[in-house]
Amino acid sequence: MESTPMTDGFHVMVDALKLNGIDTIYGVAGIPITDLLRLAQSEGIRYIGFRHEQNAGNAAAIAGFLTQKPGVCLTVSGPGFLNGLVALANATTNCFPMILISGSSDRSIIDLQQGDYEELDQLSIAKPFSKAAFRVNNPEDIGVGLARSIRAAVSGRPGGVYLDITAKTLGSVLDLKASERSLIRPVDPAPRQIPSPESISRAVQLLSGALRPLIVLGKGAAYAQAEVEVKTLVEETHIPFLPMSMAKGLLPDNHPQSAAAARSYALGNADVVVLVGARLNWLLSHGKSPLWSESCQYIQVDIDSTEMDSNRPIVAPVVGDIRSSLRALLQALKPGSVPVRSEWLDAIGEKKQKNLNRMAERLRANPDPMNFSSALGQVREVLLARPDVYVVNEGANALDFGRNIIDMNLPRHRLDSGTWGIMGIGMGYAIAAAVETGQPVVAIEGDSAFGFSGMEIETICRYKLPVTTVILNNGGIYRGDTGDGEPSPTGFVRDARYDKLIEAFGGVGYHVTNTESLAQALQAGLGSGRPTLINAVIDPTAGTESGHIQSLNPKSALHQ
Ligand code: ADP
Ligand code: TZD
Ligand code: MG
């Protein structure tokens with residue numbers, strides 16, 4: 001008698017991933033997923049193995065941001081899952097589509113709390129940190145589980161999805177025919193969402209009465225790949241624009257209508273603001289004074305209707321996907337329906353020039369030791385000639401100075417701490433940017449920020465990725481210690497040689513103490529395409545506590 005061809009959960013999972021065009025997986029191996037990773041690799045899926053799940057998860061999340069396809073991270077059960085959870089939560093917070101797939105131990109043991117290897121009720125734990133969470137208990141349900149995860153990750157407001165797959169499911173056998181029938185490739189998982197005509201009329205009406213209009217571009221517009229629509233809107237209406245940090249490059253930072261160098265002036269004086277894929281959260285002072293005028297009125301373009309009125313009343317909510325919404329808006333705007341207010345443009349232009357001159361002066365100064373401006377001034381010069389380079393940036397001063405000093409020319413080329421202001425995204429984001437795009441990456445890192453994911457330098461060397469990490473090393477969180485005695489809560493080892501770390505794994509390290517050698521090392525790193533780490537020594541007294549967000553830092557009233 002002929003036997004029925006059989007397969008197992010491992011194979012079904014790999015087939016489901018392949019069917020859905022998942023060509024790269026980020027993760028850390030172990031029970032019960034090791035064989036899954038081996039099989040995926042042998043079936044042509046690229047597997048990037050990390051040293052810690054949080055970094056693998058961050059890589060998956062930013063892959064999702066870059067590609068509009070959910071980035072996939074695979075982790076082991078219990079602690080491996082928990083390590084990945086911060087990245088899942090960060091993806092959800094930032095609206096990046098990712099799927100965290102974790103193996104899990106035996107349900108019956110977990111539910112009776114009988115103490116299994118890496119036992120944890122993962123599904124319940126993941127729920128509050130994810131946009132959606134599912135568990136697959138049978139191999140024939142893997143197809144449904146992955147299809148629902150993909151839809152949840154990319155439809156509407158994107159986010160992190162948790163998919164729990166039990167060890168038993170992976171190991172179970174099933175009929176090959178049944179397995180083939182069970183696979184699903186979701187049709188149109190992120191459908192266009194056309195805004196209502198009334199919402200467009202309301203927006204046009206508000207804009208036509210504006211005296212000092214402003215467009216604020218957020219990373220939602222970058223994710224939506226709306227650069228063509230954004231450019232048309234900005235250039236046809238002559239409205240000045242302000243990019244949030246990860247929206248830099250949607251239009252080049254040197255665009256004449258950019259109000260970035262006159263940020264406070266533009267926000268403080270605008271009377272009608274169009275928010276395009278940007279939330280009025282802490283990064284925009286919740287729309288409140290003194291940054292904003294009390295009388296400012298908002299048009300908000302967002303795919304998530306519940307975002308409206310979250311901080312300030314939204315007079316003209318436009319709920320839809322950004323590309324469709326901007327197209328509808330452009331169609332409704334007749335030539336001249338937004339009057340050009342030259343006084344407004346001139347005032348912004350004047351303020352901008354003053355601030356740019358001031359910055360140029362700071363960038364030109366060449367103090368010894370280097371400070372943030374002088375070091376980043378060199379990085380800026382080198383990168384001006386390399387718009388193709390992806391820039392990753394985290395830290396406090398290293399982040400705030402980096403955002404202002406480094407100009408971007410292309411969309412989605414700046415990846416940073418984002419909505420949470422989180423440390424630890426650096427190496428994960430850098431690795432995924434290199435893997436997903438094949439382009440060179442420069443990671444501009446505070447020395448503290450780097451430490452959160454620094455061990456992935458080995459991963460960068462192992463996969464020979466074209467990543468140059470520049471550590472702005474001021475010897476601590478915000479600043480370094482200068483006295484003797486017990487280390488302060490913010491200080492690290494003085495004169496730390498981070499450049500030697502990368503040498504342990506065969507990469508190239510530079511220790512630089514002046515601007516000239518910093519520029520040379522960066523050129524060399526970019527030119528070689530080899531894993532490079534530049535330890536740039538910064539004056540330990542150069543930074544300010546909490547960088548540019550000191551106002552958010554409560555201080556003890558009794559201490560001083
Ligand atoms: P930023 O930090 O740059 O200000 P946010 O992360 O606060 O940006 O805001 C991004 C917004 O973009 C979110 O409210 C999200 O719902 C929205 N968004 C994401 N993708 C789309 C899309 N395709 N169309 C419309 N809105 C989107
Ligand atoms: N932990 C996490 C996960 N995220 C955080 N944001 C912090 C801690 C607190 N924090 C900041 O907000 S910035 C920062 C920490 C620890 C590091 C600042 O030091 P740095 O940058 O060396 O990276 P500068 O250039 O010295 O300011
Ligand atoms: Mg530091």
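The values are calculated or read from the model by the stated rules, or taken from the named source; none is laboratory data. What you see is a predicted model; the values in this text were computed from it and never measured. Every residue, glycine among them, receives a Cβ derived from its backbone with ideal geometry; neighbour counts consider all protein chains shown.
Tabulated data for the structure shown
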read-out	value
The lone exception for Ile406 - which of (1) within 16 Å of ligand 2 (Cβ to nearest atom); (2) surrounded by 24 or more Cβ atoms within 10 Å (Cβ to Cβ) it fails	(2)
Long-range neighbours under 7 Å by Cβ, at least six apart or interchain, first residue in contact (Cβ under 8 Å) with a residue 40 or more places away in the chain and over 22 Å from Thr306 (Cα atoms) within the stretch 321-334, second within 16 Å of ligand 3 (Cβ to nearest atom) and in a helix (DSSP H, G or I)	none
Any chance Val301 is touching a helix residue (DSSP H, G or I) at 6+ places or on another chain (Cβ under 8 Å), away from ligand 3 (no atom under 16 Å from the Cβ) and not in a loop (DSSP other than H, G, I, E, B)	yes
Residues that are touching a residue at least 40 places away in the same chain (Cβ under 8 Å) and part of a loop (DSSP other than H, G, I, E, B), drawn from the stretch 258-296	Ala259, Ala270, Asp271, Gly277, Ala278, Arg279, Asn281
Matching residues in the stretch 320-357 - criterion: being over 21 Å from Thr237 (Cβ atoms) and among the β-branched types (Val, Ile, Thr)	none
Leading residue by the ranking (nearest to the chain's Cα centre (by Cα)) among those in the stretch 411-450 that are within 16 Å of ligand 3 (Cβ to nearest atom) and without any contact (Cβ under 8 Å) to a residue 40 or more places away in the chain	Ser417
Residue list for the stretch 516-546, filter: free of Cβ contacts under 8 Å to residues at least 12 places away in the same chain and closer than 17 Å to Met427 by Cβ	none
Unique match (being over 27 Å from Ala56 (Cβ atoms), part of a loop (DSSP other than H, G, I, E, B), over 24 Å from the mean Cα position of the chain (by Cα) and at pLDDT below 95) among Gly547, Gly485, Gly480	Gly485
The lone exception for Asn366 - which of (1) surrounded by 17 or more Cβ atoms within 10 Å (Cβ to Cβ); (2) away from ligand 1 (no atom under 16 Å from the Cβ); (3) part of a loop (DSSP other than H, G, I, E, B) it fails	(1)
Selected residue [within 12 Å of ligand 3 (Cβ to nearest atom) and under 22 Å from Val441 (Cα atoms)] from Ala536, Ala524	Ala536
Filtered residues of the stretch 461-477 (kept if in a loop (DSSP other than H, G, I, E, B), within 16 Å of ligand 3 (Cβ to nearest atom) and more than 22 Å from the chain's Cα centre (by Cα))	Asn474, Gly475
Residue check for Gln68: farther than 22 Å from Ile457 by Cα and under 19 Å from the mean Cα position of the chain (by Cα)	yes
Subset of the stretch 304-313 that is without any contact (Cβ under 8 Å) to a residue 24 or more places away in the chain and part of a loop (DSSP other than H, G, I, E, B) - its residue that is surrounded by the fewest Cβ atoms within 10 Å (Cβ to Cβ)	Pro313
The stretch 477-515 - residue that is touching a residue at least 40 places away in the same chain (Cβ under 8 Å) and charged (D, E, K, R) and, of those, surrounded by the most Cβ atoms within 10 Å (Cβ to Cβ)	Arg479
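Rundown of residues vs (1) among the hydroxyl-bearing types (Ser, Thr, Tyr); (2) at pLDDT 95 or above; (3) part of a helix (DSSP H, G or I), yes/no style:
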| residue | (1), (2), (3) |
| --- | --- |
| Leu74 | no, yes, no |
| Gly80 | no, yes, yes |
| Ala91 | no, yes, yes |
| Ser108 | yes, no, yes |
| Glu119 | no, no, no |
| Lys127 | no, yes, yes |
| Ala147 | no, yes, yes |
